[in-house]
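Working notes for the structure below.
The values are calculated or read from the model by the stated rules, or taken from the named source; none is laboratory data. Not measured: the values here are computed from a predicted model. Reconstructed Cβ throughout: ideal geometry from the backbone, glycine too, with neighbour counts over all protein chains shown. SASA here: full protein model, heavy atoms, side chains in, ligands and nucleic acids out. Shrake-Rupley method; radii C 1.70, N 1.55, O 1.52, S 1.80 Å.
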Amino acid sequence: MAEFRVPKVEQGHAKIRSVPIAVTPEGFWCCPSPVIFQKTLKSHNLQNKPKPPASPQNTSTQKKQSPQNDKRTAPTPSRARVLSDDQKALSSDAVSLNTTMVVERPAKPNNDNSRRKVAIEFGDPGTSDLKVVLFGKQGFSVKMSVHRSVLVESSSFFAEQLSRNQSPLSCLEIGDCDDVEIYVETVGLMYCKEMKQRLIKQNVARVLRLLKVAELLGFQTCIHSCLEYLEAVPWVGEEEEEKVVSSVRHLKSDNLRVNPVLKRVASDASRPPNDTLTHIMELVLKSNEEKGRREMKTLVLRLLRENNNLLSDVNSAEICNKNIYNSCQSCLNSLLNLFKQAAEPGFVDTSMESKGPVAKQISLEADNLLWLLDILADRQAAEEFALMWATQVELATLHSKLPTVSRHLISCITARLFVGIGKGEMLPSKDTRQLLLQTWFQPLIDDYFWLQHSCRSFDRKVVEEGIGRTILTLPLEDQQSILMAWLGCFLKAGDNCPNLQKAFEVWWRRTFLRSYVEQQEEDLLQVGEASSTMPST
């Protein structure tokens, strides 16, 4: 390949700037500052901006001033300040080596030279024995004076490229580089002995770029160092985590330290996820610390709702639901024992030290059941819970023997079931719906006053709509029976009773204003009479 040559520039039309580069004792740069490329591209963009046509007067003025400008060789104060800022970014033990940046005058577009408008040189041509030329896609090129032995020892890519020809190459050109800046830095890292100290100053995004180029070059030492960095550094946010995982996953092999990085997001443990979820739920259900339990219930419920595909496997879902129902049964058994204890004669007259823990535990178990019901409803698996609750006849019988202040939270479970049925979140059978209303509707009415004034999460309109819709799913005779019983309570209690007037109106129209069966018979009769009176053709 031909050696890279910087295109000739006519005198008086090019801006030449010296850029300080940190170099090693061997006379080579190491980890050039990104400022170099950023300023180069900025200068390139400014050069390519279209300039408005100058007036003849301005042109003549510029011609007169140009000889004076050509004589100015000393740097301006602003340029000196730029050099000072760049030097601050370099390591204290590095010496400075001036490299030349040449910006061509954007005059005539010439096939290959039109895209090489900016050229940067790195390294010391006097001590190097190889030149690597990179052509970036953004319209600039980079020439690196390097040492053949260093590249061959560090990179399998360079070792393969340089071994193809029998005669040693003096220049190797690489075109269409996606990330020239990182490419140059990666080659510079081949001269570093303590690569970890260089990477520790970088961020995750830049190390991922280095990892990508190192993989292309077959630079194993750099790949190992990048993986060690990614394994130790925190990842900020889900987006950065996904970028790290996607970049590292395809590198997985036996001779690379990929597993430690991926272990942050994947486990080798054989314990299935549903067992872990069950254990989490058990810890939450058994907690007696009110604030922590409440916050974790909210968090776990939200996470389950956000991840609807969690445990999407049929077998795993069935196992998980079975474990949840086991927890429900355990809570119900505990609740029944507490009700029996609170319903014993003379319990009301005992001291608060004896009644307090029982009332607190009843509230805790009711809250646990509500939480489990919400989880099952989100998983569309609450029908069995509705049947389980509807069959708690003994618990409903003991309900009336307890003070309202201790028992009213139990009715929140009934209200939640009615809301779920009314919204179509659960579809229990007709017998289950009938039994649920038969067992728990009256206890709900008895506690309605306390529910309105003691439960912040209680939404009267939503609950009343759910009760009404549940009643209207039953046969018309059952609707009449339940609504007539409700009417007697409502006329006595008023606002202390659920307001089911909307459901009552629907039942009224179905009963008195229109009979669907009779209307259907009349329609069939009219169709038959019309067909018999039609003349035959």
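Output ³J(HN,Hα) for the stretch 407-418: one whole-Hz value per residue in order, computed from phi by the Karplus curve 6.51 cos²θ - 1.76 cosθ + 1.60 with θ = phi - 60°, and x for Gly and Pro.
Ordered by residue, 3J(HN,Hα) equals 9, 5, 5, 5, 5, 5, 5, 4, 4, 5, 5, 5 Hz.
I'd like to check one number: the per residue accessible area of the stretch 274-419, probe 1.4 Å, reported in Å² as a whole number. Walk me through the intermediate numbers first.
On the way: 7410 Å² over 146 residues.
Averaged over the residues of the stretch 274-419, the accessible area is 51 Å².
Taking a temperature of 25 °C and a viscosity of 0.890 mPa s, what whole-number D in µm²/s does Stokes-Einstein yield for the stretch 424-487 with Rh from Kirkwood over alpha carbon pairs?
Details: Rh = 12.7 Å.
Using the Kirkwood radius from Cα pairs, D works out to 193 µm²/s.
How much length is gained on full extension from HIS453 to ASN165, taking 0.36 nm per residue of separation minus their Cα-Cα distance? Please report the intermediate quantities before stating the final value.
Numbers: separation 288, 0.36 × 288 = 103.68 nm, distance 8.97 nm.
That pair, HIS453 and ASN165, stretches by 94.7 nm at full extension.
Order these peptides, 456-462, 213-219, 479-485, 168-174, by their mean beta-carbon neighbour count within 10 angstrom, highest first.
Descending mean neighbour count gives 213-219, 479-485, 168-174, 456-462.
Probe radius 1.4 Å, ligands and nucleic acids ignored: give me the carbon and sulfur share of the accessible area of the stretch 159-248 as a rounded percent. Numbers along the way, then the final one.
Numbers: 2150 of 4710 Å².
Using a 1.4 Å probe with all protein chains present, the stretch 159-248 comes out at 46 percent carbon and sulfur.
Ignoring any ligand, DNA or RNA, what whole percent of the accessible area of the stretch 419-523 comes from carbon and sulfur when the probe is 1.4 angstrom?
The computed percentage sits at 51.
Only residues of the stretch 150-169 count here: report those whose backbone N is under 17 Å from the spot 7 Å along Cα→Cβ of ASP129, or say none.
Hits in the stretch 150-169 for ASP129 at 17 Å: 150-155, 158-169.
Classify the stretch 389-471: rounded, prolate or oblate, from the alpha-carbon gyration tensor (a ≥ b ≥ c, eigenvalue square roots; a/c under 1.5 rounded; otherwise prolate if a/b is larger than b/c)? Don't skip to the end; give the middle numbers.
Numbers: a/c = 2.32, a/b = 1.19, b/c = 1.95.
Oblate, since a/c reaches 1.5 and b/c is not below a/b.
Could you give the length gained by full extension between GLN438 and SER287, i.e. 0.36 nm per residue of separation minus their alpha carbon distance, to one decimal place? Present the calculation step by step, with values, prior to reporting the outcome.
On the way: separation 151, 0.36 × 151 = 54.36 nm, distance 3.36 nm.
Full extension from GLN438 to SER287 adds 51.0 nm.
Given a Förster distance of 60 angstrom, what is the FRET efficiency for VAL245 paired with PHE512, based on the Cβ-Cβ distance and rounded to 0.05? Mind showing how you got there, number by number?
Working: r = 66 Å, r/R0 = 1.10.
It comes out at approximately 0.35.
Counting only the heavy atoms of the protein chains, how much of TRP508 is accessible to a 1.4 Å probe, in Å² to the nearest 10?
Near enough 120 Å² of accessible area.
Using +1 at the C-beta of Lys and Arg and -1 at the C-beta of Asp and Glu, which of LEU437, GLY468, SER481 has the Cα lying farthest in the positive direction of the dipole of the stretch 426-520?
GLY468
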